Each structure stands twice: as structure tokens, then as C-alpha cells.
């Protein structure tokens, strides 16, 4: 019994050591790669190269702050002028959204961090309770009201305003294909 | 610290100028750690950037100056003073002078980005993007997308409440009407949910519950989703108008408009949206009742009121655990603005369910056994609501939410089980309607009864106890 226990323990330790060394190697390689500004491509994190896939509809992983996904619209060869204008309009709306949410979420995270710091400063570094956080949530929501309302109105206008041009672009695509 | 009140600046310009400042600061610090962005929380990101670049502190920009004034020794615990970063006054006072970016790039990225990241859209050039191709959905691939747009599971539950409304009518015998009602209502609900998803992708992206929705992932184009919503909406209302009756179609259309055009924008304007949303939930069983009787009697209103009251413990407990997401994304919900009101309202309406359930036998919809059974179930939910009201924590909220999910089908099933019957044939119909999904043989279809017989038998059936024990024991006395 004891020999079994020691054997499993030593095996576990060996596995842990192997894991530790491999993860250390991984972080070391990541650190080395971080010096360059090239995008990191590993087996798991494959990405299409946008430069070579300009004719495809590409969607990326969400932005860490805004949570929105970047979109690259397809640019066919000999893109007609209306299609180009529509594409650029879509890109402007995407940028508008990204702008707002990066701003908003950054403000939220900063304000929350400051609030937690203040609360912890007054109660001796204890974790902030949900009741206390509720005060922050209400405060943030109330302060952001007009900003959010303006954005929402603008977003509705843009979103619905894109429908007709999108329909026209779709009709152009179908008629040009047939 | 006083700031002069600015004239109203257009929303887009205002947001753009705000965002450009913080984003340029963020991006300059981000280039130093491009690869780390994916592992660090936005919080750490902000802390890192504020430590790293002194540009954020004491800068001329009003946005950041105010946020750090509290660091410099003001007494505010909360950012409630006038010189906080959220007040309207602080919006870019020198907006006209500095906003020279025009329509070209909103962001002045000072990063030495690689060639591929410069191809990224505006605003996305500060992190490592993994691009995937999204192809147009195939004919088979589009079906799960449509199910997602329709919120199929939720829609199925709402359709069941409609069918139960139909089943509670005295003459719930016409299967073709029931079928048309089901299909029409399902299409209307699908349309409402699809419109809702069409409007909300940037908000859905912010909340973990909704960030894998179809339009957030860009699996279909917004035009496609809107067309789907319009087609199903027109189809649903059309089916209801032609194959059921105009009243039901009008209720369906009203529900669709209420959900997509009133509730959805109101979510960002006022906490009253919860009450509007409860009306949206209350209409389907009334549609079911109207489908059979072509009228909205007091029984229909009672069904509607029961569903209306149920929405509050259901939604308020769900909204409790989403407070952080709602606050960040700008949703005005009671759980954020007034947590005590949130819990109180859910308790209030759980209490209101007691007289409502008791009213059902009084209106001759069910036997008095329903008042017994239904109130037992009410008491359980009331206990959950009282627990939530007292504790107001995540666990009690979750318990109340799951309790409400069980409550509704149980109470509707009890209602159908105890449905008050007038004759033996009616009773067979009631049992068949209670089955709902099973195929009913046409031999149980009932011939229309005369009014005389109806009243006569009604007088005889005072002994309600016999009904639910053995259906065949009811004797028809003529």
C-alpha cells in the first residue's frame, strides 16, 4: 500500500515538474515573441491573414475592452462604387460602436476599480460586498444615462438606415450573378 | 469645481471625441504588451496604462482631469460630485478646438503596428486579432441560426401558455383552430425575438449571457435577420387573421409591436420596461382564449393577470444576477437602480398570485380544488420570493428564478387538470386538451349543445368532488 502511494506521489511530482517546465518554456517563448510586434501564431491560435483574404468576410475575436468583434468586409476585384460606399458606411458604423463601447467599458472598469479601492481603504482591505457594489452600479448607470441614450438613438438610426442600402447591395449582387 | 454647461453636442461627435482621447492613451500603452492583452482583464489593462503613461494624470483633457481629481484629495467616496467623469458638463469643453479628426480615423494610434494589424478596422488595432472566415449560411445551416434568432426554447414555452389559454375555454374542441393558433403564435413570437436580436447586437456583446448570439457572432447579416423577423411576423399575423380570428391577430400584432418597439427601447430608458414586458408575457394566454371564443371574457383577463403577476418574480430574480452586466451596458433595470424595490416588487406580485389563483374557481374556470392546489404552489413561490426579499443575494435570486420556471407549467397544468366541466363530453374534451401534444381521436368531438341543456346540467353539478376522481361518475340528468 505504501509503495503504491509513494509511486503515485513520485509520478505526480514528475508530471508536475514536466508541466511546470513546459509551461515555463511556453511563457519564455511568449515573452520572447512579445518583443516583436508580429502577431503570435500557434497551432491553437490560427488566424487567416487578412491581407491575403481580402475577398472574404472575416470576423475576429472580441476586443478585450469593448467586447465587440472586428469585421473585415469582402473587397472583390473591380468593386463597384455603390458597393464600396456601402462597405465604408458599414465600417463607419462599426467604428462608431467600437468607439462608444471602448470608452464606456474603460470608464466602467476604471470607476469600479477606484470605487473598490476607496471601499477597501475605509474597511481595512476586506473584499467589497455585493451590497456595496450595488451602490456603484446604480451610480454608474445613472451617470451614464444621457450618454447611453444618445448612443442608443444614434445606433437605431444607423442600424435601420443600413437596411435599405444592404438590400440594394444584395439585389446588385444577385442581378450581377445571374 | 464648476464647469460651464456646454451646449448640446451631437451624440456621435461627443462620443467620438471622448473615445479618441482615452483610446489613444490606451493604445500607446498597449503596444508595449500586445500579446498580453488577451490574458489580462480590462481592469488590469487600465491599471497598467494609468501607471505606465503619465499622460493620463493631470492632463488637459477634461475627461481624465476630473477622474483623477478625487485621487488628489477630494473628499468624495463615490464619483458623485459635479466634477466627476460622468457628468454632462465634462463633455469635452474644447471639443471644437481639438476635434479636427474629421471623418478619417477616429483614433490616432501612435503604435508601430505591424502590417496585418493596420488592416484591422478602426479601433481594433491594439490587440492580436484571430480572424476567421464567416461564410453565408447554407440552407441546412440556416435552420439552427433561425432557431437562435427565434429564441426557440423561450418561444416554445410562450406558445405553450397560449395553448393552455385555449385549453381553458369551455368549448376547446376545434383542433384545426388550435393548430393554426399554435403556428401563428409561434411565428409572432419568433418575429418579436428576431427583431429584438436585430436591434441589440452591441448590447448583447457586453453581457456574458448573450454574447454568443447569432448577430453578435455575425453569423448572418443584419438584413437577413430583419427579413426573417419581418417574414415571420407577417406570416404569423396573417395566419392568425385568416385561420383563427381577427381579434387574436390584433392581439398578436399588438404583442409584437409592444415587445419589439416599446419594450426593447424602453430597456434603456426607464425601469417601467419591466411592467411593459410583463404585459407582453400576459397577452399570449389571452390570445389563446380569444382564439376559441372570439372575445376577451373575465376568464381571459384572469389568465392574463396570472401571467402578468408571474413575470415579476421571474424577471426580477433573473435581473438580480445580471446587475453588473446591466449597469455596464446601460440597461435600466430595478435590480440596478433600486435593489430593494426589485425584491419588494417580486414579493408583491407573488402575493398577488394568491387572490388571482383563488379567483379562477370563482369565475367557474376550475373547480375549487384548484384554489387548494394552486395556493400550495403559490405558497412555495411566496416563500422563495420572501427569501429573496429578505436576503437579496445571488443564491436566493437563483432559487427564485428556477422556482418560477417550475411554477408556471405546474400551475397551468393544475388549472387544466381542474378545469370545470359541464358535461361528460366536455370533460373528455378537457382531458384531451390537457394532454395538449397527444393526438385526440375525432370520436370525442362534441356536438354543439343547446343552451337549455347547458343550464340544466349546470344546476345538477354542484357536487364538485366527484369530478376529478372519476370522470365517468358524472351523471347527466335530464
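The values are calculated or read from the model by the stated rules, or taken from the named source; none is laboratory data. No experiment lies behind these values; they were computed from the predicted model shown. As a convention, Cβ positions derive from the backbone with ideal geometry for all residues, glycine included, and neighbour counts pool all protein chains shown.
Inspect region A:1-14 for any residue being over 30 Å from residue A:140 (Cα atoms), at pLDDT 90 or above, exposed (fewer than 10 other Cβ atoms within 10 Å of the Cβ) and more than 7 Å from every other protein chain (Cβ to nearest Cβ) and give the result as yes or no.
Checking region A:1-14: not a single residue is over 30 Å from residue A:140 (Cα atoms), at pLDDT 90 or above, exposed (fewer than 10 other Cβ atoms within 10 Å of the Cβ) and more than 7 Å from every other protein chain (Cβ to nearest Cβ).
With respect to residue B:350, determine if the residue is away from chain A (no Cβ under 14 Å), at pLDDT 90 or above, buried (at least 24 other Cβ atoms within 10 Å of the Cβ) and farther than 27 Å from residue B:298 by Cβ.
It is false that residue B:350 is away from chain A (no Cβ under 14 Å), at pLDDT 90 or above, buried (at least 24 other Cβ atoms within 10 Å of the Cβ) and farther than 27 Å from residue B:298 by Cβ.
Scan region B:325-339 residue by residue and report those that are over 18 Å from residue B:205 (Cβ atoms) and in a helix (DSSP H, G or I).
Listed by number, the residues that qualify are B:334, B:335, B:336, B:337, B:339.
Any chance region A:62-69 includes a residue that's on the phi > 0 side of the Ramachandran plot and either assigned to a loop (DSSP other than H, G, I, E, B) or more than 8 Å from chain B (Cβ to nearest Cβ) (or both)?
Yes, that holds for at least one residue.
When you go through (1) more than 7 Å from chain B (Cβ to nearest Cβ); (2) surrounded by 14 or more Cβ atoms within 10 Å (Cβ to Cβ); (3) more than 30 Å from residue A:176 (Cα to Cα) one by one for residue A:148, which number turns out not to apply?
The one condition residue A:148 does not meet is (1).
May I ask you to verify whether residue B:177 is surrounded by fewer than 18 Cβ atoms within 10 Å (Cβ to Cβ), more than 11 Å from chain A (Cβ to nearest Cβ) and either over 20 Å from residue B:281 (Cα atoms) or over 16 Å from the mean Cα position of the chain (by Cα) (or both)?
Yes, satisfied.
If only one of B:235, B:252 is buried (at least 23 other Cβ atoms within 10 Å of the Cβ) and modelled with pLDDT of 95 or more, which one is it?
B:252
Check region A:73-90 and report whether any residue there is more than 23 Å from residue B:199 (Cβ to Cβ), within 10 Å of chain B (Cβ to nearest Cβ) and not in a helix (DSSP H, G or I).
yes
Here are A:104, A:97: which of them is facing chain B (nearest Cβ under 7 Å) and either touching a strand residue (DSSP E or B) at 6+ places or on another chain (Cβ under 9 Å) or buried (at least 18 other Cβ atoms within 10 Å of the Cβ) (or both)?
Exactly one residue qualifies, and that residue is A:97.
Inside region A:101-178, counting only helices (runs of 4 or more DSSP H) that do not spill past its ends, which hold 2 or more residues that are within 14 Å of residue B:331 (Cα to Cα) and free of Cβ contacts under 8 Å to residues at least 40 places away in the same chain?
A:130-143, A:145-161
Touching a residue at least 60 places away in the same chain (Cβ under 8 Å), buried (at least 16 other Cβ atoms within 10 Å of the Cβ) and in contact with a helix residue (DSSP H, G or I) (Cβ under 7 Å, 6 or more places away or on another chain): which single residue out of B:241, B:260 fits that description?
The match here is B:260.
Can you find even one residue in region B:142-162 that is touching a strand residue (DSSP E or B) at 6+ places or on another chain (Cβ under 6 Å) and within 30 Å of residue A:49 (Cα to Cα)?
No, the conditions are met nowhere in region B:142-162.
Just wondering, is there one or more residues in region A:169-177 that are within 9 Å of chain B (Cβ to nearest Cβ) and under 30 Å from residue B:270 (Cβ atoms)?
no
Which residues, taken from region B:196-206, are under 22 Å from residue B:132 (Cβ atoms) and more than 7 Å from chain A (Cβ to nearest Cβ)?
Of everything in region B:196-206, those that are under 22 Å from residue B:132 (Cβ atoms) and more than 7 Å from chain A (Cβ to nearest Cβ) turn out to be B:197, B:201, B:204.
With respect to residue B:211, determine if the residue is within 12 Å of chain A (Cβ to nearest Cβ), free of Cβ contacts under 8 Å to residues at least 12 places away in the same chain and under 17 Å from the mean Cα position of the chain (by Cα).
yes
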